[in-house]
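To keep things clear, I will list the structure first and then write my remarks on it.
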Amino acid sequence: MTAVADGPGHVAILGAGPIGLDAALAFLDNGWSATVYESAASVAANVTAWSHIRLFTPWSMNASTRMLAHLDAAGVAPPGPASYCPTGGEFAQQLLRPLAALPELAPAIRSRTRVLAVAREGLLKHEKIGSPQRGSRPFRLLVSGPDDGERAEHADLLLDCTGSYDHANVLGDGGIPAPGELRVADRITRRLPDLRCDGDAWGGRRLLLVGAGKSAQTAARDLAELVAMWPGTRVVWAVRAADPGWGEIPDDPLPQRQQLVEMSQRLHSGTVPGVQVRTGVVVDALRGTDDGVVVALRSITGDVEEIVVDRIIALTGFLGDTTLYRQLQVHECYATAAPMNLSAALLAAAGDGPADCLAQASHGVDVLRVPEPNFFVLGMKSYGRNSNFLLRAGYEQVDEVASAYAGSTMPA
Ligand SMILES: Cc1cc2nc3c(=O)[nH]c(=O)nc-3n(C[C@H](O)[C@H](O)[C@H](O)COP(=O)(O)OP(=O)(O)OC[C@H]3O[C@@H](n4cnc5c(N)ncnc54)[C@H](O)[C@@H]3O)c2cc1C
């Protein structure tokens, strides 16, 4: 191993979201030196982008034991109460930013610094295939910022915790853009808008919501409120499944999550007015006109309905940027684009029905390994197209990887 640091080694952590920050604490605790690269101006950028959304998990599940221990040691009050579900804003403000300001962590964080690509110094992707010998060369990172400059930096261990929220899926049938979608991109928002705060921008307009997951369900709930507050607002909600189950978990222990399901059911059945739910439809094509965007919705039977809308909220899922590690040997699942071992474990655990993310058991560090030695994808990004990721699972991943590297010599 070509060490790039004194002590056990140097870990480069890509992304200062909750999982990246927890990973940094874990490795610093084990005597490693660490650099946390964050492309945004401050930590928790993706969480801050949905700061108006309330998490459906309570504080007891949103902070790791390690995070709480570090806050405690610094005399910083823990966030709480334990049963309270914070908003994204509260999560960032009361936990993630105080952690990032701790003297043991702050010097490791490089904000406004984007990692553009990672590789093995002196080795191409196809060389020494699947061999631990690749671990004898340091990782080489192409880094940009905080100014205009680019440079190469190095690490012994690499953790990709860059999340997926800034890489939204398109809305067209089959997962490719619908004809015309790219041309009307300025009318499409692919993040959860703050409809309560930005009512002026959305109220009184003709709106289309696409998607059926928890983000889309959250938007549907807020759109129903918007319709009640702003007369003249018209909302169509396009859902691909003919008979959506809304991901309902029997006897769901998370009330906030169950409330979203129940609201979606009520909107679907029409017992709550305001949102016209079209099930069993896909977006076939979009066309910008002077009057708005003409959207063709195609049903399973092939019938096409055209509607005209002013704006579209597309919440069809997210997938992290896998091109970042294209030069490394990462075996990706052909169905989910997540690292293969973890993806297989998640798919096997899910079976046929809606998977309860709360029921997920830890899979162990070997399931997190990829052919490239000493490289891990952790956090939200590690789940690929699987949307069941929970913070709690991410903190467990950090525990597993940090334990595997806790000794003074690096495993190959
Ligand atoms: C609306 C919403 C609600 C959610 N609610 C819950 C919930 O109730 N409970 C729960 O457990 N989970 C929830 N999740 C899922 C998950 O816990 C969060 O998405 C969480 O933020 C994931 O943490 P992360 O650290 O993996 O990634 P992120 O929080 O996405 O952090 C990634 C960081 O990497 C940075 N970055 C990206 N690319 C680069 C790069 N190339 N170089 C440097 N930095 C980069 C980003 O700026 C960001 O700061 C929710 C997710 C969403 C979107």
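The values are calculated or read from the model by the stated rules, or taken from the named source; none is laboratory data. Only a predicted model underlies this, so the values are computations on that prediction, with no experimental measurement involved. Neighbour counts run over all protein chains shown; Cβ positions are idealised from the backbone, glycine included.
With respect to the stated conditions, residue 31 is closer than 30 Å to residue 407 by Cα, more than 14 Å from the ligand (Cβ to nearest atom) and either in the same structural domain as residue 375 (by TED's automatic domain parsing) or surrounded by fewer than 21 Cβ atoms within 10 Å (Cβ to Cβ) (or both). Out of segment 354-412, which residues are among the basic types (Lys, Arg) and either surrounded by fewer than 22 Cβ atoms within 10 Å (Cβ to Cβ) or modelled with pLDDT under 95 (or both)? Listed by number, the residues that qualify are 369, 385, 392. Scanning segment 132-175 for residues that are part of a loop (DSSP other than H, G, I, E, B) and touching a helix residue (DSSP H, G or I) at 6+ places or on another chain (Cβ under 8 Å), we see that the one that is nearest to residue 300 (Cα to Cα) is 169. Does segment 288-300 contain any residue that is closer than 30 Å to residue 58 by Cβ and either out of contact with any strand residue (DSSP E or B) (no Cβ under 6 Å at 6 or more places or on another chain) or crowded, with 17+ Cβ neighbours inside 10 Å (or both)? No, there is no match, as no residue in segment 288-300 is closer than 30 Å to residue 58 by Cβ and either out of contact with any strand residue (DSSP E or B) (no Cβ under 6 Å at 6 or more places or on another chain) or crowded, with 17+ Cβ neighbours inside 10 Å (or both).
Looking across segment 131-164, the residues that are among the polar types (S, T, N, Q) and farther than 21 Å from residue 25 by Cβ come down to 131, 133, 136, 144, 164. Among the conditions (1) more than 6 Å from the ligand (Cβ to nearest atom); (2) hydrophobic (A, V, I, L, M, F, W, C); (3) assigned to a loop (DSSP other than H, G, I, E, B); (4) surrounded by fewer than 24 Cβ atoms within 10 Å (Cβ to Cβ), the only one that residue 43 does not satisfy is (4). Apart from one condition, residue 77 fits all of (1) within 16 Å of the ligand (Cβ to nearest atom); (2) farther than 30 Å from residue 139 by Cβ; (3) in contact with a helix residue (DSSP H, G or I) (Cβ under 8 Å, 6 or more places away or on another chain); the exception is (1). So residue 115 passes all but one of these: (1) farther than 25 Å from residue 382 by Cα; (2) modelled with pLDDT of 95 or more; (3) among the hydrophobic types (A, V, I, L, M, F, W, C). Which condition number does it fail? All conditions are met except number (1).
Looking only at segment 230-245, residues that are exposed (fewer than 13 other Cβ atoms within 10 Å of the Cβ) and under 10 Å from residue 203 (Cα atoms) come to 2 in all.
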